[in-house]
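I have placed the structure first, in the form of structure tokens, so that the comments after it can refer back to it.
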Amino acid sequence: MATRKRPASTTTTPGSIASVMQEDRRFPPSNEFASHAHIGSARALRALHDHAAQDVVAYWEEQARELAWFAPWKKPLVWKHPHAQWFVGGTTNVAMNCLDRHLGTWRRTKAALIWEGEPGDVRTLTYQQLHTEVCRAANVLEQLGVQRGDVVAIYMGMVPETVIAMLACARIGATHNVIFGGFSSDALRDRINDSSAKLLITQDGAWRRGETIPLKAAADVALKKTPSIRNVLVVQRTAEKCAMKSGRDHWWHLRLQAADARHEPPALPSEHPLFILYTSGSTGKPKGILHTTGGYLTQVASTTKMVFDLRDDDVYFCTADVGWITGHSYVVYGPLANGATILMYEGAPNWPESDRVWDLIERHHVSIFYTAPTAIRSFMKWGESWPRKHDLSSLRLLGTVGEPINPEAWMWYHDVIGGGRCPIVDTWWQTETGAIMISPVPGATVTKPGTATKPLPGISVDVVHADGTPCKANVGGLLVVTHPWPSMARTIVGDDERYRETYWGMFPKTRTSAGWYFTGDGARKDRDGYIWIIGRVDDVVNVSGHRLGTAEIESALVSHPMVAEAAVVARPDAIKGNALVAFVSLKTGARIKNLPALKQELRTHVGKEIGQIAKPDDVRFSESLPKTRSGKIMRRLLRELVSGAAVMGDMTTLEDFSVLEKLRSSDED
Ligand code: WT7
């Protein structure tokens, strides 16, 4: 394999995006891996691609037949641009697919979930045991008046009950809305209200770095202004004291103990809403992305098997929190639909020491490990000595997701964690795509560090200029998906217009064009057809693998009484990928006595409004912000300023040139 690395060669055309990375190392799958893989050669993969390309809808029908259905579909795809319905007329049940159908097989006694708490307690639930818990929880939800189509909010950490709660909702046809446990009370309240959730499931507290985070107390603050919530189920985890409002709050364990362990899964239409998950966009308001039943589960189950080359003897460990889409698709639904054994870990990766993850892998014999580049960069920083202390020979496959992986981190992952023997699957997808779209197939694809390689069979993507013409090899452009896919988002809850505009407005349907889905990502295709993601082209930034809308943080900042205006941009960061820099101008008359204290106060304010993850790393003050004549803040200039790049480019639309100089010098304080 080649190990030459050429320096950057930049190719740009007007209106395109510059891409500077050139990486020539290539890693073919080993014979050892390929000989045991589901898809074990480039030829087999090509045949599958050809087969899917002949009739893409028929290909997805074959994948859907791997699931259990109560009634078969009549129409595989009804596509009324930009709304897709998959497997129309078919009825199924996601929980039945993840649990009940395994009970008639030897998997009944197989571990579905091996869970380890941060303090070190371990719980293992077989498929039978998980099924029992889910049935009890489903009965409790129904007793509390939750009906098919109702929304249930879940504000929890990484405990088995979170998985049980999600599956119980799926079972009765309630739509879950999981809200990441790191979000603040205000963010929780807004997400409950936007989705009109009827019931909230939360826990007393969650363990993190040896301390407990009081989730119920945070929920209580939100619950003061959530008129739609009628009941709250509280899981006891830390046993810390928490207030229980009588008539509204119920202990999960008491309710479940008393509930029947039998529950028949109803047949739900393929397009029944399975979950809402909020994600950031380029306005201040998060988008409630809606996913439905049959199409979602089809693609999630099929990609889990193909991309992770999943086998029955694997122990599969995905480090994502269930509060994000990765946690939905590749901690819970994909692996369970395949009858896999999942390892789930509650706490921090560096608790009590920086080798917790390697320790988990060694003790539980993990064979598939799926994490984010930002985590890999942290592991690198903590040092090789931590993984070296452990026997990682059980690993056979590694995965990454969430942001582009820098080749240095890829090589470290490959050599130090994978011992040079494990293929790496760099998986590109989004909350909106529901499932993996671009990824190597590990027994078949020759990988290159830093690229998610090619779309999976049944998926059509392209890299195009803003006018829709395809980009030539190595020319940066916009990443689009050109044909509907089963796990695509169906809409934005309560705002279909925004769904149309955000994703389908850029490349609309016309007489000559079918209309494409715009991902928001810039990318280039190399000469082998491999896709290299350059990053977001909208005002969305990726911090530590978490997606944040700069507008959301800006509106949090301006809600502070002293702030007149704010602009938030990203600067490159060695560990987090991006760090946030907030430019703030204060209201006239606002008297600042202590600048560092105010910076701190504004950071805390954002933490309270949104959550810890959204806190700007740096706050800079300025009299005014650089704007175009029409009054738009020129974020591009600010981005260049914080990246240390010389501010160049077209400035003819900039109103007040002196502003830039002031911003640059405010650097020193
Ligand atoms: C955005 C989606 C998909 C689950 C986690 C993030 C970026 C995601 C990759 C990858 C380069 C990636 C994109 C995308 N992204 N995976 N393998 N290589 N970039 O989900 O929060 O919806 O964010 O994450 O920019 O648009 P999300």
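We did not get these values from a lab; they are worked out from the coordinates using the rules stated. Note that the structure is a prediction, hence the values are computed from the model and not measured. Backbone-built Cβ (ideal geometry, glycine too); neighbour counts: all protein chains shown.
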Convex hull (Cα only) mean projected area of segment 534-668, reported in nm² to one decimal: 8.4
Potential extension, residue 105-residue 123 segment - 0.36 nm per residue separation minus Cα distance: 4.2 nm
DSSP bridge pairs, segment 127-266: antiparallel proportion in percent, nearest 5: 15
Phi-based couplings in Hz for segment 475-481 (Karplus 6.51, -1.76, 1.60; Gly and Pro marked x): 9, x, x, 9, 8, 10, 10
Filtered trypsin sites (Lys or Arg not before Pro), segment 171-231: DSSP coil and at most 10 other beta carbons within 10 Å: 224
Euclidean distance of C-alpha centroids, segment 567-613 and segment 514-541, integer Å: 29
Additional length obtainable on full extension of the chain from residue 466 to residue 359, 0.36 nm per residue less Cα span: 33.7 nm
Cα gyration tensor category, rounded, prolate or oblate, for segment 26-81 with a/c compared to 1.5: prolate
C-alpha center-to-center spacing [segment 405-464, segment 57-109] in angstrom: 27
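For segment 123-250, rounded, prolate or oblate, judged on the Cα gyration tensor with a ≥ b ≥ c (square roots of eigenvalues), a/c < 1.5 rounded, else prolate if a/b > b/c?
Note, shape of segment 123-250 comes out oblate.
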Cα gyration tensor, segment 128-191 - rounded (a/c under 1.5), prolate or oblate: oblate
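At 222 nm, what helix-only mean residue ellipticity would the chain give, in deg cm²/dmol to the nearest 500, using -39500 (n - 2.57) for each DSSP H run of four or more?
Roughly -7500 deg cm²/dmol at 222 nm, from the helical runs in the chain.
For segment 299-378, run through the GluC sites (Glu not before Pro) and keep only the ones in DSSP coil with at most 15 other Cβ atoms within 10 Å of their Cβ.
353
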Listed peptides 367-380, 33-46 by packing density, highest first (mean Cβ within 10 Å): 367-380, 33-46
Dimensionless Rg ratio for the chain, taking C-alpha atoms and the 2.2 N^0.38 Å reference: 0.94
Label-point gap, in nm, between residue 248 and residue 497 - each point 7 angstrom along Cα→Cβ: 3.3
Reachable aspartates and glutamates from residue 662, criterion Cα separation under 13 angstrom, eight or more residues apart if same chain: 623
Built amide H within the under 5 Å cut-off of residue 237, gap 5+: 204, 205
Calculated FRET efficiency for the pair residue 62/residue 267, C-beta based, R₀ 22 Å, to 0.05: 0.50
DSSP-loop trypsin sites (Lys or Arg not before Pro) across segment 515-613, with at most 11 other Cβ within 10 angstrom: 527, 591, 593
HN-Hα J in Hz across segment 173-182 - Karplus 6.51, -1.76, 1.60, θ = phi - 60°, x for Gly and Pro: x, 7, 9, 8, 10, 7, 10, 3, x, x
Cα centroid separation, segment 260-335 to segment 197-233 (Å): 23
Set 75/472; 241/615; 216/381; 599/632; 245/593 screened for pairs whose C-alpha atoms are more than 32 Å apart: 75/472; 216/381; 245/593
